[in-house]
Amino acid sequence: MLIRFRSAFLLLIVLSLPFAFSACSDDKEKEPATATVQVNVQSLVDGQNLQRDYPYQSPAGDTYTVQKFRFYLSNVKLISEDGHTVYTEPDSYHLITMDGKSGFKLENVPAARYNKMEFAIGVDEARNHTIDQFGDLDPSNDMVWDWNTGYKFLLLEGLFTGDTKVGGLVFHVGEDSNFMLFNMDLPQALDLRQKPDGNIVLQTELSDLFRTPHLIDFDELNTAMGGENARKIVENYENGFIKVASGN
């Protein structure tokens, strides 16, 4: 009797195995191996969408308009909660403009739960002095000085009216020393384990280019073509100019 019971029990286990394997297989099939993440960049002034030739007031009280605003967002990474998965975008150089390209896609992102994003403003030294390139690094994009100086990492051009002066704004920021890396928490974890795509929104706030730690008075500083003046703008990057607004 005991032998028959054991035989029946073993038979039941054997018959159940295909269903168990099938269930596991189905679960694995439901989990995407990789995903696509859409990154959108919003350019704002005082919380509102940046508009060409619209009169804004700077933190120092000057009136100004923007005719061109462009910057390189590069070296994009996503980092999982446990730190074990790091997605590094290949050939990661994106020229963001106020009236053109305002987003890009991260392809073949491993399915994981990400809670950090890393990126840079500028072009890293490995590419900064090789201007025979294509795509967003094509010199025809008007973001290159020359092979020696390299790329303009950020460009802002417009007009201003100050307390004592009226004229043009020309801020061209570049040079290897001004390449700046950011590591930011996502406001909401990006879980790609159960869905094939995700979204991240970055926001730039132009007013913060001119606010802290250097309050930029256009009567005194309205042109930066590298050097000490450009460095003041770079040091202002770190105080709210760019942030991760959302991710899901």
**Message:** Being part of a helix (DSSP H, G or I) and surrounded by 21 or more Cβ atoms within 10 Å (Cβ to Cβ) is the filter here; which residues of segment 238-248 pass it?
**Reply:** Phe241
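Is it the case that Leu209 is surrounded by 15 or more Cβ atoms within 10 Å (Cβ to Cβ), in contact (Cβ under 8 Å) with a residue 12 or more places away in the chain and in a strand (DSSP E or B)?
The answer is no for Leu209.
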**Request:** Considering every residue within segment 129-142, establish whether at least one is β-branched (Val, Ile, Thr) and modelled with pLDDT of 95 or more.
**Result:** no
**Request:** Mind listing just one residue for me: the one in segment 33-80 that is crowded, with 18+ Cβ neighbours inside 10 Å and polar (S, T, N, Q) and, of those, farthest from Gly168 (Cα to Cα)?
**Result:** Ser80
**Fill in**
The one condition His214 fails out of (1) over 24 Å from Val76 (Cβ atoms); (2) at pLDDT 95 or above; (3) not in a loop (DSSP other than H, G, I, E, B) is (3)
**Item:** Tally of residues being under 21 Å from Thr204 (Cβ atoms) and among the acidic types (Asp, Glu) across segment 216-235
**Value:** 1
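I'd like the full set of residues that are assigned to a loop (DSSP other than H, G, I, E, B) and touching a residue at least 60 places away in the same chain (Cβ under 8 Å), limited to segment 57-83.
Matches in segment 57-83: Ser58, Pro59, Ala60, Gly61, Asp62, Glu81.
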**Prompt:** With (1) in contact with an Asp or Glu (Cβ under 6 Å, 6 or more places away or on another chain); (2) free of Cβ contacts under 8 Å to residues at least 40 places away in the same chain as the list, and Gly162 as the residue in question, which single condition is left unmet?
**Reply:** (2)
**Given (1) in contact with a Lys or Arg (Cβ under 6 Å, 6 or more places away or on another chain); (2) at pLDDT 95 or above, number of the condition Thr161 does not satisfy** = (1)
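The values are calculated or read from the model by the stated rules, or taken from the named source; none is laboratory data. Being a predicted model, the structure only gives us computed values, none of them experimental. Positions of Cβ are generated from backbone atoms using ideal geometry, with glycine treated the same way; all protein chains shown enter the neighbour counts.
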